[in-house]
1. Could you tell me which of the residues 11, 19 is closer than 18 Å to residue 78 by Cα and in contact (Cβ under 8 Å) with a residue 40 or more places away in the chain?
2. So which residues in region 1-27 are surrounded by 11 or more Cβ atoms within 10 Å (Cβ to Cβ), in a loop (DSSP other than H, G, I, E, B) and modelled with pLDDT of 95 or more, if there are any at all?
3. Restricting to region 58-82, count the residues that are in contact with a helix residue (DSSP H, G or I) (Cβ under 9 Å, 6 or more places away or on another chain), at pLDDT 95 or above and either outside any loop (DSSP other than H, G, I, E, B) or closer than 13 Å to residue 20 by Cα (or both).
4. State which residue is surrounded by the most Cβ atoms within 10 Å (Cβ to Cβ) when the search covers only region 67-77 and only residues that are under 20 Å from residue 26 (Cα atoms) and without any contact (Cβ under 8 Å) to a residue 40 or more places away in the chain.
5. Any idea which residue in region 35-61 is surrounded by the fewest Cβ atoms within 10 Å (Cβ to Cβ), counting only those that are more than 12 Å from the chain's Cα centre (by Cα), more than 16 Å from residue 85 (Cα to Cα) and touching a residue at least 24 places away in the same chain (Cβ under 8 Å)?
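The values are calculated or read from the model by the stated rules, or taken from the named source; none is laboratory data. Note that the structure is predicted; figures quoted are calculated from it, not measured. Backbone-built Cβ (ideal geometry, glycine too); neighbour counts: all protein chains shown.
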């Protein structure tokens, strides 16, 4: 498979609250709201990112969005692309 066959994040910007506007390599744009994820999946490793001041400190790395310098929190790109974080996070 060539790189263009993979979906990856090319840009993301903070969109208020716990939301990001994400642009993918196929030019799809989606606003993803992470609020429900934080409510339904509390965890000491990522709870600090439920605070908008910490949430907006995300980074892009290797075509994905991460939080924390060690990638403390990240999501499968496919889940971001679909805008449905519940499909990936039943065990988080």
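1. Numbers: 19 fails: in contact (Cβ under 8 Å) with a residue 40 or more places away in the chain.
Answer to the check: 11.
2. 7, 8, 15, 16, 17, 18, 25, 26
3. Within region 58-82, the subset in contact with a helix residue (DSSP H, G or I) (Cβ under 9 Å, 6 or more places away or on another chain) is 58, 63-65, 67-68, 72-73, 75-76, 78-79.
Applying the additional criterion that residues be at pLDDT 95 or above yields 58, 63-65, 67.
The next check asks that each one be either outside any loop (DSSP other than H, G, I, E, B) or closer than 13 Å to residue 20 by Cα (or both); those that pass are 58, 64-65, 67.
The qualifying residues number 4.
4. Taking region 67-77 as the starting set, the residues that turn out to be under 20 Å from residue 26 (Cα atoms) are 75-77.
In the following step, the residues that additionally are without any contact (Cβ under 8 Å) to a residue 40 or more places away in the chain were identified as 75-76.
Values: 75: 18, 76: 13.
Among them, the one singled out is 75.
5. The selected residue is 45.
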